[in-house]
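Q: What follows is a structure written as structure tokens; I'll ask about it next.
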Amino acid sequence: MDDATGIRLQKVLAAAGIGSRRKCEDLIAQGRVEVDGKRVERMGVRVNPDPAVVRVDGERINVAPGNVYLALNKPAGVVTTMSDDMGRPCIGDFFSERRERLFHVGRLDTDTEGLLLLTNDGELCNRLTHPSWGIEKVYLCQVQGQIARDVGKTLMAGIELEDGLVMIDHFAVVQQAEGRSLVEITLHEGRNRIVRRIMEAVGHPINRLVRTRVGSVHLGDMRPGGVRPLTQSEVAALYESVGL
């Protein structure tokens, strides 16, 4: 744990935004900090932030100095690529001034709006997009027609599509008026255009689709095209959700 060539732990914690150097020293003195699974019991410990896994009160802290974790409210009509040979608007346009090589965590189709995560943390990105971790995603869908009572049960029981069975986790009708309905769908699936396809399968094509949550990260009141850094708690929760 103690790396003689590393940086003092309290300085690493302060740089990660945990608090002042004095506050970080107090946390260490209270035995609330762990490095690589071991509680730190003395001052002066040095760590290498890149490989070290640091936790405060059991919550993993992002201490790697170059790692960034961002949320984008992707507008409709924007392609989920960092560049586009055809000159179409793409998510890379919102990050043209950043020097990091960012990866988008999964995709939203061109017509879909809402929350998209980006990071240069390759390991976290790979785990969040791997189906074995089953990261929960929530969508608000404006669809045509009034929703019959059995639609939610049908979707939760499973819909057979051309590429296999799809089951959702939760379905709720939020609002119905003037031949349109607003519904919320929660699922772990990540297949291409999956929400649009299952709603078409039950006779309710989507007019507008917005992703409002990925794991523990919520879209909130971000404006279209808005970008914000994730909080330490949000990053920690993402780490935990994929076993990091």
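Q: Go through the stretch 57-89 and give me each residue that's of a type outside the set (Val, Ile, Thr) and buried (at least 18 other Cβ atoms within 10 Å of the Cβ).
A: If the condition is that a residue be of a type outside the set (Val, Ile, Thr) and buried (at least 18 other Cβ atoms within 10 Å of the Cβ), then Arg60, Asn62, Tyr69, Leu70, Ala71, Leu72, Asn73, Lys74 are the ones that fit.
Q: Looking at the stretch 123-136, can you tell me whether even one residue there is part of a loop (DSSP other than H, G, I, E, B) and among the basic types (Lys, Arg)?
A: No, the stretch 123-136 contains no residue that is part of a loop (DSSP other than H, G, I, E, B) and among the basic types (Lys, Arg).
Q: Quick one: which residue in Asp109, Asp85, Asp121 is of a type in the set (Asp, Glu), in the same structural domain as Glu234 (by TED's automatic domain parsing) and closer than 30 Å to Val63 by Cα? Steps first, please.
A: On the way: Asp109 fails: closer than 30 Å to Val63 by Cα; Asp85 fails: closer than 30 Å to Val63 by Cα.
Answer to the selection: Asp121.
Q: Moving to a separate point now. Which residues, counting only those in the stretch 190-244, are buried (at least 18 other Cβ atoms within 10 Å of the Cβ), assigned to a loop (DSSP other than H, G, I, E, B) and not hydrophobic (A, V, I, L, M, F, W, C)?
A: Within the stretch 190-244, His204, Gly215 qualify.
Q: Return the residues of the stretch 46-81 that are more than 30 Å from Leu108 (Cα to Cα) and basic (Lys, Arg); say none if nothing qualifies.
A: The answer is Arg46, Arg55.
Q: Among the strands (runs of 3 or more DSSP E) contained in the stretch 1-78, which hold 1 or more residues that are among the polar types (S, T, N, Q) and assigned by TED's automatic domain parsing to the domain that holds Cys90?
A: 69-74
Q: Within the stretch 61-86, how many residues are among the polar types (S, T, N, Q) and in contact with a Phe, Trp or Tyr (Cβ under 8 Å, 6 or more places away or on another chain)?
A: 1
Q: Residues in the stretch 143-172 that are surrounded by fewer than 16 Cβ atoms within 10 Å (Cβ to Cβ) and either basic (Lys, Arg) or assigned to a strand (DSSP E or B) (or both): how many?
A: Of the residues in that region, 9 qualify.
The values are calculated or read from the model by the stated rules, or taken from the named source; none is laboratory data. What you see is a predicted model, and the numbers here were worked out from it, not measured in a lab. Don't worry about glycine lacking a Cβ; one is built from the backbone with ideal geometry, like all the others, and counts go over all protein chains shown.
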